[in-house]
Amino acid sequence: MTELVLFHHAHGLTDGVLSFADTIRSAGHLVHTPDLYDGERFEEMADGVGHAELIGFSTFIERGLIAVEDLPPDVVYAGMSLGVLPAEMLALTRPGARGAVLLSGCAAPEELGAPWPQAVPLQIHLMDADEWVVPPNEDLEAARALQAGTEDAELFIYSGDRHLFADVSTAHYDADAAVLLTSRLLEFLGRVG
């Protein structure tokens with residue numbers, strides 16, 4: 001069993017995020033899903049991003065750091081889209097991380113203040129035509145750089161233009177890609193746990 005913290009995307013802690021967590025739990029893992037929006041959910045991505053901008057991205061990250069204070073250090077941090085920010089920050093700064101999983105987003109670790117720790121395995125999942133990760137956004141380039149510069153890093157690029165393709169409650173959901181992502185994620189959790 002591996003312990004995982006899953007941070008939600010800009011829509012909030014949706015039923016789809018909770019369903020994804022339940023799928024991981026059903027494979028025998030312990031999954032935490034902190035709500036960094038204090039119960040607020042947004043139907044439209046733009047509204048959720050606007051909320052994140054209103055509270056501040058640094059506040060969003062700080063809420064993620066606070067959410068894990070009572071957890072053991074040897075967990076895997078995962079995030080969907082906006083949720084990659086606290087997941088990456090914790091993998092970078094909290095000693096003992098077993099790994100990190102970045103779904104539908106990736107920030108260059110240097111933007112968060114540190115290079116990627118070589119002892120922390122990494123898995124990244126993106127779609128090749130997702131407007132949120134391809135230029136002019138820099139997530140895909142950051143992911144490729146992380147993979148190239150990290151000993152234990154896997155980058156999976158799926159064909160398609162969906163952003164939150166693993167969240168069944170959004171219009172972006174892609175069942176085939178989500179099944180493949182889940183299979184790869186479970187293999188990763190088995191390996192790092």
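Would you pick out the residues in segment 1-28 that are farther than 13 Å from ALA78 by Cα and not in a helix (DSSP H, G or I)?
Scanning segment 1-28 gives MET1, ALA10, HIS11, GLY12, LEU13, THR14, ALA27, GLY28.
Counting just the residues of segment 167-193 that are hydrophobic (A, V, I, L, M, F, W, C) and in contact with a Ser or Thr (Cβ under 7 Å, 6 or more places away or on another chain), which one comes out farthest from GLY48 (Cα to Cα)? So that I can check it myself, show each step before the final result.
From segment 167-193, those hydrophobic (A, V, I, L, M, F, W, C) are 168, 171, 175, 177-181, 185-186, 188-189, 192; that's our starting set.
Filter again for in contact with a Ser or Thr (Cβ under 7 Å, 6 or more places away or on another chain), leaving 168, 189, 192.
Details: VAL168: 17, LEU189: 29, VAL192: 32 Å.
The extreme case among them is VAL192.
When you look at GLN118, is it of a type outside the set (Ser, Thr, Tyr) and under 26 Å from ARG25 (Cβ atoms), yes or no?
Answer is no for this residue.
Taking the residues in segment 66-84 that are over 20 Å from PRO117 (Cα atoms) and in contact with a helix residue (DSSP H, G or I) (Cβ under 7 Å, 6 or more places away or on another chain) as candidates, determine which candidate is surrounded by the fewest Cβ atoms within 10 Å (Cβ to Cβ).
Here the residue is LEU82.
Which one of these is out of contact with any strand residue (DSSP E or B) (no Cβ under 8 Å at 6 or more places or on another chain) and buried (at least 22 other Cβ atoms within 10 Å of the Cβ): ALA10, ALA87?
On the way: ALA87 fails: out of contact with any strand residue (DSSP E or B) (no Cβ under 8 Å at 6 or more places or on another chain).
That would be ALA10, the only listed residue that is out of contact with any strand residue (DSSP E or B) (no Cβ under 8 Å at 6 or more places or on another chain) and buried (at least 22 other Cβ atoms within 10 Å of the Cβ).
Can you tell me which residue in segment 126-166 is nearest to ASP15 (Cα to Cα), limited to those that are touching a residue at least 60 places away in the same chain (Cβ under 8 Å) and of a type outside the set (A, V, I, L, M)?
Of segment 126-166, the ones touching a residue at least 60 places away in the same chain (Cβ under 8 Å) are 163-166.
Now restrict to residues that are of a type outside the set (A, V, I, L, M): 163, 165.
Numbers: HIS163: 16, PHE165: 14 Å.
Looking at the filtered set, the residue picked out is PHE165.
Is it the case that GLY28 is in contact (Cβ under 8 Å) with a residue 24 or more places away in the chain, in contact with a helix residue (DSSP H, G or I) (Cβ under 8 Å, 6 or more places away or on another chain), under 20 Å from GLY193 (Cβ atoms) and of a type in the set (Gly, Ala, Ser)?
Judged against the criteria, GLY28 is not a match.
Checking the condition at pLDDT below 95 and of a type in the set (A, V, I, L, M, F, W, C), which residue from LEU122, LEU112 passes?
That would be LEU112, the only listed residue that is at pLDDT below 95 and of a type in the set (A, V, I, L, M, F, W, C).
Take LEU181 and decide whether it is assigned to a helix (DSSP H, G or I), within 15 Å of ALA78 (Cβ to Cβ) and hydrophobic (A, V, I, L, M, F, W, C). Give the steps one after another, and end with the answer.
Details: assigned to a helix (DSSP H, G or I): yes; within 15 Å of ALA78 (Cβ to Cβ): yes; hydrophobic (A, V, I, L, M, F, W, C): yes.
When the stated conditions are applied, LEU181 passes them.
So, in segment 86-107, how many residues would count as being free of Cβ contacts under 8 Å to residues at least 40 places away in the same chain, within 20 Å of ALA142 (Cβ to Cβ) and out of contact with any Asp or Glu (no Cβ under 7 Å at 6 or more places or on another chain)?
6
Could you please find all residues in segment 51-60 being free of Cβ contacts under 8 Å to residues at least 40 places away in the same chain and part of a helix (DSSP H, G or I)?
GLU53, LEU54, ILE55, PHE57, SER58, THR59, PHE60, listed by residue number.
Looking only at segment 54-65, count how many residues are farther than 12 Å from MET89 by Cβ and either exposed (fewer than 13 other Cβ atoms within 10 Å of the Cβ) or touching a strand residue (DSSP E or B) at 6+ places or on another chain (Cβ under 9 Å) (or both).
The qualifying residues number 3.
Six or more apart or on different chains, Cβ under 8 Å: which pairs go from a residue in segment 35-50 that's touching a residue at least 40 places away in the same chain (Cβ under 8 Å) to one that's outside any loop (DSSP other than H, G, I, E, B)? Could you list them?
Listed by first residue and then by second, the contacts come to LEU36/PHE7; LEU36/PHE60; LEU36/ARG63; LEU36/GLY64; LEU36/ALA67; LEU36/GLY83; LEU36/PRO86.
Among (1) in a loop (DSSP other than H, G, I, E, B); (2) of a type in the set (A, V, I, L, M, F, W, C); (3) more than 14 Å from the chain's Cα centre (by Cα), which single condition is LEU36 missing?
Single failed check for LEU36: (3).
The values are calculated or read from the model by the stated rules, or taken from the named source; none is laboratory data. What you see is a predicted model, and the numbers here were worked out from it, not measured in a lab. FYI the Cβ positions are ideal-geometry reconstructions off the backbone, even for glycines, and counts take in every protein chain you see.
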